[in-house]
1. Got a number for residues in region 39-60 being surrounded by fewer than 20 Cβ atoms within 10 Å (Cβ to Cβ) and touching a residue at least 24 places away in the same chain (Cβ under 8 Å)?
2. Answer with yes or no whether Phe63 is at pLDDT 65 or above, over 26 Å from Gly103 (Cα atoms) and either hydrophobic (A, V, I, L, M, F, W, C) or surrounded by fewer than 16 Cβ atoms within 10 Å (Cβ to Cβ) (or both).
3. Being within 30 Å of Gln33 (Cβ to Cβ) and modelled with pLDDT under 85 is true for just one of Lys92, Lys132. Which residue is that?
Amino acid sequence: MLNLLPVVGFGCPLWLMAAGFLAVYLYSRRTGQLLPVRQGMKIGWITGIFSFVIYAVVFTILFVSTGGFSSLNPEQMRDLAFFNMNVEETLKLMQDPVVQAIGILLSLFFLFVVFTLIPVLGGAIGARVMQKD
């Protein structure tokens, strides 16, 4: 949930890693079991799946409510012109529903990868730290 707050750090990978770590810590504390690293990674992955679902719903709602790519402001249009792109053709292309759907799917795929891999790392670290030597 901290990833959704712009003040705290929008999309900060440390929050995702901390979520995986915290999930393993709370599981170990509640059950009294020390998890191997592989199990910690699984719990981190499950945490990442839940985080992704929450974030994907919010992302999709915001994308649809703002009008998607079709609501670019003049400053964003100037940014496109900076990259030597034909602004009119680019805006026409971005208003195509197929291009918008592909953009949403690619964004969601990228978010899925990020939101599952980073908590896996946090879960592995959590399981390793919780082990007694």
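The values are calculated or read from the model by the stated rules, or taken from the named source; none is laboratory data. All values reported here derive from a predicted model rather than from experimental measurement. Cβ: placed from backbone, ideal geometry, glycine included. Neighbour counts: every protein chain shown.
1. 9
2. Spelling it out, it is not the case that Phe63 is at pLDDT 65 or above, over 26 Å from Gly103 (Cα atoms) and either hydrophobic (A, V, I, L, M, F, W, C) or surrounded by fewer than 16 Cβ atoms within 10 Å (Cβ to Cβ) (or both).
3. Values: Lys92 fails: within 30 Å of Gln33 (Cβ to Cβ).
The unique qualifying residue is Lys132.
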